[in-house]
Amino acid sequence: MLISWTHLLIGGGAAVITGLDRTAALQFMICRPLVAGPLTGLMLGDWLVGMQVGMLLELLWLGRLPVGAAIPPDDTQVAVGSTVLAVSLAEIGDGNSLAFVILCVLIAMPLGKAGQFFDHLARARNGRLLMRIEHTLDNKEGCSEYCHLLGLFNFGVASLATYVLIVGCGTPVLRYLGPLLLPSLTPAADWVKILFPIIGTAAILGMVNVNRSITLFSAAYAMALLLLWLA
Amino acid sequence: MTIVLARIDSRLIHGQVLEAWVPYCKATCIVVANNEISPVQKIVMQAAVPSKMHVYIDKISEIAEQFYHGKFADERVLLLFSSSHDALEACRLGIPVTRLNLGNMHAGPGKLRYTSTIAMNAEDIDNFQHLTESGVSISVQSVPANRETRFSKLLKRKIPEC
Amino acid sequence: MNRRRLTLRCFFQVFLRTFVLQGSWNFERLQNLGVLFALAPALRQLYAGKALQDAYRRNLAYFNTHPFLGAPILGAMLNLECARSEGRPEEIEVDDFRQMVMAPYAAIGDALFWGGLRPFAAAIALFFSFKGSFWAPVIFLLIFNLPHLFFRTAGLWLGWVQGWKVTETVQRYNLPDVAIRLKEGTVVLLGGLCAYLTFQLLRGEGVPIFCGLAVVPVVLLCGWATRKGLSTLLLVWSATAIAVALVRFF
């Protein structure tokens with residue numbers, strides 16, 4: 001019941017690629033759980049599990065913006081880590097995949113807090129690159145602007161560290177707590193599944209700067225529910 | 001007239017202010033009190049704010065006068081300064097600030113870094129001490145989702161030389 | 001025109017390099033190394049020797065803006081650097097220009113892309129993902145990246161051609177208001193999404209549909225709690241515990 005090395009390595013690759021997309025490079029938003037989850041799942045051979053992870057996590061921290069020097073919680077690595085855990089340790093889940101996926105996400109979420117710490121560390125380390133470039137500027141004609149690319153390395157390592165922490169701590173926790181918690185979580189799984197997007201929605205509504213957001217939300221909710229009900 | 005947030009931010013109007021603090025405080029009006037803003041900069045700054053919000057950008061003395069005349073009487077004001085010096089001047093001119101939030105204070109020559117976003121020199125600390133004595137409570141918080149740190153606690157931290 | 005001295009190839013190099021603008025984000029001067037890295041090919045064409053060294057040093061100053069809205073700023077900086085290298089007087093100096101626009105453009109970009117477009121795209125894509133469709137991430141990436149790439153390319157180009165006047169072009173589109181509309185759209189879509197999920201659940205469990213109206217106060221309560229500083233993690237954990245307990249006792 002341990003994670004195989006291939007799964008761990010593939011997951012690590014996904015963690016670095018999606019982690020870099022978060023701040024350092026591209027920003028195509030493959031770092032969002034909704035993309036990072038299925039992508040990791042696809043690489044491990046079960047995209048549907050990744051999709052379930054992604055849709056649970058997507059809205060939760062969507063309202064926390066990477067503005068200025070503020071670092072939002074690392075939902076990318078939580079998504080990648082939970083997907084790896086859910087695919088690799090599926091035996092513990094024993095047939096009921098949804099409840100197990102939810103359990104993986106619930107356990108990975110607090111471990112993801114470390115992501116903020118590692119990200120902070122990477123950014124602090126990047127400060128040294130600045131000194132290095134200034135140093136070459138003082139001494140030589142030109143300047144090695146390629147120092148900049150070392151920053152990518154720092155960010156990559158930070159992502160990988162978060163991922164390793166989530167999977168490393170998540171595995172024993174799931175092995176011991178999983179069999180205890182799953183029997184009570186399984187009958188409630190369908191209810192818990194919609195709790196995630198509902199709490200995510202609430203968090204977004206709490207922070208969005210739209211006049212009458214509550215009115216808009218309630219009206220849209222009521223209308224859609226009535227349409228589905230009466231149709 | 002309520003000042004829902006008075007903030008020192010060397011970047012003045014930017015993402016943290018508009019995307020995090022404005023919805024959190026339900027501010028209706030942004031007031032920038034700064035003596036060094038050029039007319040072009042003023043236009044660029046105003047263009048960054050949604051049209052439903054009011055923006056006033058002016059010299060500190062002008063803003064103080066408008067506060068005195070009750071121009072912002074029925075607004076929820078988010079007041080921005082760029083430095084500790086400006087905040088102190090504004091208080092001395094009678095702008096009713098009771099709480100002051102420190103957002104971003106850039107590093108520079110002779111400044112020490114107290115948190116990842118706050119760098120201060122002796123003059124800044126002096127200014128803040130004056131403000132505290134006149135009853136302003138000062139704290140550091142870059143966005144509402146972060147934890148708030150009291151200014152007095154900040155000074156007790158060990159600062160690495162930079 | 002100054003374009004003679006900067007080749008299209010150089011422009012393309014700068015364009016590719018803007019994708020790693022935040023690659024060495026640091027707390028001292030934020031994106032400054034990224035700016036230097038992006039502009040370096042152009043600076044090498046424009047200056048040599050001591051002047052080049054000075055140009056590098058100038059571009060190492062503090063810089064921070066939104067990565068996508070950085071494109072028009074970098075484009076305009078290219079234009080102004082050209083003018084400077086030829087000794088042509090411009091109304092605004094390069095350094096003043098970047099000093100002036102970076103914070104307001106960060107505000108525009110944060111509101112438009114992080115606050116507006118990203119939740120909007122996510123809300124639409126989530127409908128597909130709850131249907132179990134493989135297309136959900138693809139749809140999300142398309143909705144987000146078409147405007148994103150348009151901003152990067154058109155922004156850099158217009159900045160390069162128009163110089164500091166690019167601010168007038170950006171201003172014309174009134175982007176902060178576009179962001180507000182996207183957010184309003186997102187709120188409506190999220191309402192629909194919650195209703196869709198609730199309906200599916202209640203029908204599956206055989207619970208009367210009107211009970212679904214209880215979701216609205218729950219959402220408002222959770223929203224209030226997050227505003228008061230309760231962390232999402234605790235909220236999710238406690239809500240799960242309550243759901244498990246309720247299901248067990250009924």
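Things to note:
- When C:210, C:199 are screened for being within 13 Å of residue A:222 (Cβ to Cβ), within 10 Å of chain A (Cβ to nearest Cβ) and touching a residue at least 12 places away in the same chain (Cβ under 8 Å), only C:199 passes.
- Some residue of segment A:180-191 being under 21 Å from the mean Cα position of the chain (by Cα) and at pLDDT below 95: yes
- Residue A:189 vs. criteria touching a helix residue (DSSP H, G or I) at 6+ places or on another chain (Cβ under 9 Å), facing another protein chain (nearest Cβ under 7 Å), buried (at least 20 other Cβ atoms within 10 Å of the Cβ) and part of a helix (DSSP H, G or I): no
- Test: residue in segment C:128-137 that is within 14 Å of chain A (Cβ to nearest Cβ) and in contact (Cβ under 8 Å) with a residue 60 or more places away in the chain: yes
- When residue A:228 is tested against (1) modelled with pLDDT of 90 or more; (2) farther than 30 Å from residue A:3 by Cβ; (3) more than 7 Å from chain C (Cβ to nearest Cβ), only condition (3) is not met.
- Checking segment A:5-24 against the condition returns a match, with at least one residue being in contact with a helix residue (DSSP H, G or I) (Cβ under 7 Å, 6 or more places away or on another chain), touching a residue at least 24 places away in the same chain (Cβ under 8 Å) and at the interface with another protein chain (Cβ under 8 Å from one of its Cβ atoms).
- Pair list, Cβ under 6 Å, 6 or more apart: segment C:58-74 residue farther than 20 Å from residue C:111 by Cβ, other residue not in a helix (DSSP H, G or I): C:62/C:29
- Residue C:128 assigned to a helix (DSSP H, G or I), touching a Leu at 6+ places or on another chain (Cβ under 7 Å) and surrounded by fewer than 24 Cβ atoms within 10 Å (Cβ to Cβ): no
- Of all residues in segment B:1-52, those being more than 10 Å from chain C (Cβ to nearest Cβ) and small (Gly, Ala, Ser) number 3.
- Considering (1) modelled with pLDDT of 85 or more; (2) surrounded by fewer than 22 Cβ atoms within 10 Å (Cβ to Cβ); (3) hydroxyl-bearing (Ser, Thr, Tyr), the lone condition that residue C:65 does not fulfil carries the number (2).
- Residue within segment B:53-61 that is modelled with pLDDT of 85 or more, within 9 Å of another protein chain (Cβ to nearest Cβ) and more than 14 Å from the chain's Cα centre (by Cα) present: yes
- Meeting the requirement of 3 or more residues that are of a type in the set (S, T, N, Q) and away from chain C (no Cβ under 11 Å), the helices (runs of 4 or more DSSP H) wholly within segment A:65-160 are A:75-88.
The values are calculated or read from the model by the stated rules, or taken from the named source; none is laboratory data. On a predicted model such as this, the values are computed, not experimentally measured, just so you know. Heads up, the Cβs are rebuilt from the backbone with ideal geometry, glycines too, and the neighbour counts pull from every protein chain shown.
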